[in-house]
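Contents: one structure, followed by commentary.
Read-outs throughout are calculated quantities, based only on the coordinates presented, and are distinct from any laboratory measurement. The structure displayed is predicted, hence computed values, not measured ones. Cβ coordinates were reconstructed from backbone atoms using ideal geometry, including for glycine residues, and neighbour counts include every protein chain displayed.
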Amino acid sequence: MAKKLAAFFSASGVTKQAAGKLAKQEGEDLFEIKPVQPYTKADPDWTNKKSRSTLEMTGKTISPFATSGGSGYGRSNKGLEPSAAGAKFNPGRMM
Ligand SMILES: Cc1cc2nc3c(=O)[nH]c(=O)nc-3n(C[C@H](O)[C@H](O)[C@H](O)COP(=O)(O)O)c2cc1C
């Protein structure tokens, strides 16, 4: 097991190929993030306002949660918010 991990998501296979090459070159383990419902060839069509990828990019609400040994959630949302511009963040919950 390598100490480095290359985690990737690829809808069409282009990124998958690149990640595979990089992981081999850098000696990293490879981990594919897979969608529950695989993408069809038509899904990533950004020229189609009704395609899956277009619809998936709009109106996201993120509901973060975390676990801890006793610390609270604190200001974690402030750190997360810049990573998802335009998304609505619900208050974080400790579980
Ligand atoms: C929804 C969507 C938006 C995209 N936007 C851009 C873009 O703004 N500029 C660009 O050069 N390529 C854009 N692309 C093309 C992809 O980044 C490119 O084809 C990439 O290699 C796809 O890799 P993957 O299918 O393996 O994830 C977009 C693709 C999709 C599906």
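Observations, loosely collected:
Per-residue answers, yes or no, for (1) among the aromatic types (F, W, Y); (2) closer than 19 Å to A84 by Cα; (3) exposed (fewer than 11 other Cβ atoms within 10 Å of the Cβ):
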| residue | (1), (2), (3) |
| --- | --- |
| F8 | yes, yes, no |
| V14 | no, no, yes |
| Q25 | no, no, yes |
| K34 | no, no, yes |
| N48 | no, no, no |
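- Residue within region 52-75 that is in contact with a Pro (Cβ under 9 Å, 6 or more places away or on another chain) and of a type in the set (D, E, K, R) present: yes
This table checks each residue for (1) in a loop (DSSP other than H, G, I, E, B); (2) among the aromatic types (F, W, Y); (3) surrounded by 10 or more Cβ atoms within 10 Å (Cβ to Cβ).
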residue	(1), (2), (3)
T40	yes, no, yes
D45	yes, no, yes
L55	no, no, yes
T58	yes, no, no
G70	yes, no, no
G74	yes, no, yes
G79	no, no, no
P82	no, no, no
A85	yes, no, no
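- Counted residues, region 23-34 - those being assigned to a loop (DSSP other than H, G, I, E, B) and away from the ligand (no atom under 11 Å from the Cβ): 3
- Unique match (being in contact with a strand residue (DSSP E or B) (Cβ under 8 Å, 6 or more places away or on another chain) and polar (S, T, N, Q)) among T47, T61: T61
Each row is one residue, and each column tells you yes or no for (1) touching a residue at least 24 places away in the same chain (Cβ under 8 Å); (2) more than 16 Å from the ligand (Cβ to nearest atom).
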{"residue": "A6", "(1), (2)": "yes, no"}
{"residue": "M57", "(1), (2)": "no, no"}
{"residue": "I62", "(1), (2)": "yes, yes"}
{"residue": "T67", "(1), (2)": "yes, yes"}
{"residue": "G74", "(1), (2)": "no, yes"}
{"residue": "S83", "(1), (2)": "no, yes"}
{"residue": "F89", "(1), (2)": "yes, yes"}
{"residue": "M94", "(1), (2)": "yes, yes"}
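- Condition check for K49: within 13 Å of the ligand (Cβ to nearest atom), more than 20 Å from the chain's Cα centre (by Cα) and in a loop (DSSP other than H, G, I, E, B): yes
- Scanning region 8-29 for residues that are within 26 Å of M57 (Cα to Cα) and in contact (Cβ under 8 Å) with a residue 12 or more places away in the chain yields F8, F9, S10, A11, S12, K16, A19.
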